[in-house]
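Below is one structure, written out as structure tokens; comments come after it.
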Amino acid sequence: MKLAILAALAIVIDFCTAAHAGCATSTCPTDKQLTTTQQATEVTLERRIENALKDLEIFNARAFIVGQQATNAKLERRIENALEDLESATARTFKADQERLNELARKAGIDR
């Protein structure tokens, strides 16, 4: 949203500057011509908008990188949790199988 507003401001300022670019030597009425102060203000505003757009791009890039790192960390945690769950389930299954084997051996009269 901010990017769209800044871009719109840049377009308006650029259009106004282009519309009065040749006012000093043209037939524009004196009251419509930009003063040196107005021109300096517009240049300053243009620079501020350009800097804001650059800052926004940088912040978006940083947020994207942080987002990827956070996603990678979440995935790593999920994988670790899944491996731990698999390991504990395997251990429980082996233990249950061993208990069944021991019970079958006792019923069959086989000493272990």
At 1.4 Å probe size, with the rest of the protein present, what percent of the exposed accessible area of segment 30-112 is carbon and sulfur atoms? 55 percent
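Under a point-charge model restricted to the Cβ atoms of Lys and Arg (+1) and Asp and Glu (-1), what is the dipole moment magnitude of segment 54-95 relative to its Cα centre, in debye to the nearest 20?
On the way: 7 positive and 7 negative charges, 17 e Å.
Dipole size: approximately 80 debye.
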Accessible area per residue, Å², segment 34-112 with all protein chains present, probe 1.4 Å: 89 Å²
Note, ³J(HN,Hα) from phi for segment 83-91, Karplus 6.51, -1.76, 1.60, rounded to Hz, x at Gly and Pro: 5, 5, 4, 5, 4, 5, 5, 5, 4
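How would you rank 73-85, 42-54, highest first, on the average number of other Cβ atoms within 10 Å across their residues? Let's see the in-between values first.
Numbers: 73-85: 10.0, 42-54: 13.1.
Packing proxy ranking, top to bottom: 42-54, 73-85.
What translational diffusion coefficient, to the nearest whole µm²/s, does segment 55-102 have by Stokes-Einstein, given a Kirkwood radius computed over alpha-carbon pairs, a temperature of 10 °C and 1.306 mPa s viscosity?
On the way: Rh = 13.7 Å.
Reported coefficient: 116 µm²/s.
The values are calculated or read from the model by the stated rules, or taken from the named source; none is laboratory data. Predicted model, so just to flag it, every value in this text is computed and none were measured. For neighbour counting, all protein chains shown are included, and Cβ atoms are generated from backbone atoms with ideal geometry for every residue, glycine included. For the accessible areas, the whole protein counts, side chains as well, though only heavy atoms, and no ligand, DNA or RNA atoms are used. Shrake-Rupley method; radii C 1.70, N 1.55, O 1.52, S 1.80 Å.
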